[in-house]
Every structure is written in C-alpha cells, then in structure tokens.
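Participant: Let me give you the structure first, and then I'll get to my questions.
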Amino acid sequence: MRGLGTAVNVATVLVGTGAGVLVGPRLPDRLRTTVLQGVGLVTLALGIANATRTRNLVFPLAAVVAGGALGELLRVEDGLEGLGAWLRRRLGVEEDQEGRRFVEGFVSASLLFCVGPLTILGSMSDGLGRGIEQLLVKAALDGSVALVLASTLGVGVGLSALCVLVVQGGITAAAGLLTEVLDDRTVDELTATGGIIILGIALRLLDLKQVRVGSFLPALVLAPVLVSLFAR
C-alpha cells in the first residue's frame, strides 16, 4: 500500500517521543545533556557524509547561498517557529523555558526528520510501488532520535510527525513526476545540499550556533534546478 512507509515513520516518531517524555524526567540533567550532544555528534557525521556526495561543490554552495537568501525573504524559519508557537499555545504550554524547549524540539526534529536523502528517495520508492525498505530504516532511526530529543526537549518533538506526514506524503504522491527530474547527478547534488543543511542542525543540537536552518530549505528546490541548467 502506497504511503505505508510514511505512516510507519509517523508512528515511530510518536512512539519515540512518548517514550522520551516518560523517561526524560527520570534522567539527571547531565545525562540528558550528554545524550543530546551524542545525537548532535551523529548528526554532524551524517551531514559531513552527505555533503561529500557532491561532484562539484559549486552546486550545493550556490544552492545554499541563494536558498538562504530566498528563505530569509520568505521568512521560512520564522514561519516554522511561528507554527511551533501556535501548536504550543493550542496545547496550553506556557511561554517559559518549557515553552521555548517545545518550539525548539518541534523545529529541530522537523528539520532533522525531513532533510536528507532517505526522505526523498524512500518516499519516491514508496510512491512508485518499489517497496518501503528505505523508509522503514528511516522510521527506525527517527524513532530512536525522537526518543533522545524528547527526553530533553519535550513533547514538541512529537509534533514534527505532522511535517513528516506532509513532506513524505507529498513526495510519495508526486513520485511519478519526480523520477523524470531526479537522475543520479541531481540526487548527488541534492544530497550534498541537504548534508550542508544537516550540519546546521548539528550545530544547533550541540549548542554551538543557532543557525537559522529553516531559511536554507529553499536550497533543496534550487539544487535540482541548478543541476538541470548547468550540468547537462
């Protein structure tokens, strides 16, 4: 059944979040901090691995720079934070330290779970009826990460499942059209661009720099366009 991979992914994020919220309060602050830093380090490694997929650094560089500028003009990051704040208010979470963790959990998890090659390639495979194996792997990874993030950042992590549903569901529905655009070269440059964005997520998780990662999301659209224009 098409869409099953995304449904499983949404479920693992919710289950992982629930487990993290239950376990989190029982863990010492130093342990939760160390575990979150562990996720940050793994995210950093993932970003580097993906970024090195490029065959020409000019493509991800141009996509990230132009995409970041476009994202700021469109206020994408502010939109994500605004959505997180709206969800926080709807759930009755106060605008205090807990509220800030709620928004950060939603934004960071949404970006982490929706930016990467498995999101695109797995959803396309599901949409074309070629199997959901890639999304099952992603679901297992996302569920594990959701548990760790939720133990520190709270229930906001679970609401990232909405973004997973919309993004992966949309790609699954449009899979037939995307296969005509995403050849191997395009996938490589798109993966590299996503890797650079993932590095920004890692910097946030490691509390090194609050990179406005959401503003770079348009780069994921620009990268295939640049490849189609200048690498054919």
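Rule-based calculations on the coordinates, nothing more; no lab input. Please read these numbers as outputs of a predicted model, since none were measured by experiment. Using ideal geometry, Cβ is built from the backbone for each residue, glycine included, and neighbour counts are taken over all protein chains shown.
Participant: Using only the Cα atoms of the chain, construct the convex hull and provide its projected area averaged over every direction, in square nanometres to one decimal.
Facilitator: Orientation-averaged projected area of the Cα hull: 12.1 nm².
Participant: Here is a further query. Compute the relative contact order of segment 127-232 as a whole-number percentage, counting only Cα pairs closer than 8 Å that sit 6 or more residues apart in sequence.
Facilitator: Relative contact order for segment 127-232 comes out at 26 percent.
Participant: Using the 10 angstrom Cβ neighbour count as an exposure proxy, how do Leu135, Leu128 rank, fewest first?
Facilitator: Placing the least packed residue first, the sequence is Leu128, Leu135.
Participant: Still on this structure, please answer the following. FRET efficiency for Val23 and Arg89, Cβ-Cβ distance as r, R0 = 30 Å, nearest 0.05?
Facilitator: With R0 = 30 Å, the Cβ-Cβ based efficiency is 0.70.
Participant: What are the extents of the Cα atoms of segment 107-226 along their three principal axes, in Å, largest first?
Facilitator: Projected onto the principal axes, the Cα atoms of segment 107-226 cover 41, 29, 18 Å.
Participant: Tally Lys and Arg at +1 and Asp and Glu at -1 over the other residues with C-beta under 15 Å from the C-beta of Asp29: what net charge comes out?
Facilitator: +2
Participant: Right, here's the next one. Counting helices only, and only those DSSP H runs with n ≥ 4, report the 222 nm mean residue ellipticity of the chain as the sum of -39,500 (n - 2.57) divided by its residues, in deg cm²/dmol to the nearest 500.
Facilitator: Using -39500 (n - 2.57) per qualifying helix, the result is -25500 deg cm²/dmol.
Participant: Taking segment 2-81 as the region of interest, what is the percent of Cα-Cα pairs per 5 angstrom bin, listed from the shortest bin to the one with the maximum distance?
Facilitator: 3, 11, 9, 12, 17, 19, 16, 9, 3, 0
Participant: Right, another one. Explain nothing, just the number: relative contact order of the chain, from Cα pairs under 8 Å at least 6 residues apart, as a whole percent.
Facilitator: Across the chain, relative contact order equals 43 percent.
Participant: Distances longer than 16 Å among the Cα atoms of segment 185-232: what percent of all pairs is that?
Facilitator: 42
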